[in-house]
Amino acid sequence: MPRFDQSHPSNAVGPWFVDTRCIRCDAARNWAPGLIGMDEMGRSVIVSQPVAPEQEAAMWRAAAACPTKSIGNLEQPVEPAGIFLTLSPTACSLWAATRSHPSPRILTW
């Protein structure tokens, strides 16, 4: 669950936030480029709040993909129904090799 009390100080002002538990995995930045960037330590931060429905969907996908569940939305704390991720062959290979996945409830294979 995202921790607003640990929200990164560099997040753009708005309902979306990344907390400081980010482990620099780059997953969120891949799902929401232009909306999620990185700080000087490589941790994810919200650089731009979404304004279009496509951007909002990208943020929900990024939140779903985050292995530490560090991405949240203050206005809508529960993800909407229908958020699904599809994985690239590289991601599938990585997770198969480690035999774990941060959020199996939301994946389609």
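Summary of computed values
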{"quantity": "Only one of E75, E79 that is modelled with pLDDT of 55 or more and out of contact with any helix residue (DSSP H, G or I) (no Cβ under 9 Å at 6 or more places or on another chain)", "calculated": "E75"}
{"quantity": "Tally of residues being closer than 20 Å to D5 by Cα and surrounded by fewer than 18 Cβ atoms within 10 Å (Cβ to Cβ) across region 21-36", "calculated": "3"}
{"quantity": "Extreme residue, farthest from E75 (Cα to Cα), among residues of region 1-22 that are not acidic (D, E) and not in a loop (DSSP other than H, G, I, E, B)", "calculated": "Q6"}
{"quantity": "Hits in region 1-42 (condition: closer than 15 Å to A65 by Cα and among the charged types (D, E, K, R))", "calculated": "D19, R21, R24, D26, R29"}
{"quantity": "Among (1) of a type outside the set (V, I, T); (2) touching a Gly at 6+ places or on another chain (Cβ under 8 Å); (3) modelled with pLDDT under 95; (4) not in a loop (DSSP other than H, G, I, E, B), the one test that S93 misses", "calculated": "(2)"}
{"quantity": "Any pair with Cβ under 6 angstrom, 6 or more apart, that starts in region 12-24 at a residue that is without any contact (Cβ under 8 Å) to a residue 40 or more places away in the chain and ends at one that is part of a strand (DSSP E or B)", "calculated": "A12/I46"}
{"quantity": "Test: S44 is touching a Cys at 6+ places or on another chain (Cβ under 6 Å) and surrounded by 15 or more Cβ atoms within 10 Å (Cβ to Cβ)", "calculated": "yes"}
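The values are calculated or read from the model by the stated rules, or taken from the named source; none is laboratory data. Computed from a prediction, not measured in an experiment: that's the story for all the values here. Cβ coordinates were reconstructed from backbone atoms using ideal geometry, including for glycine residues, and neighbour counts include every protein chain displayed.
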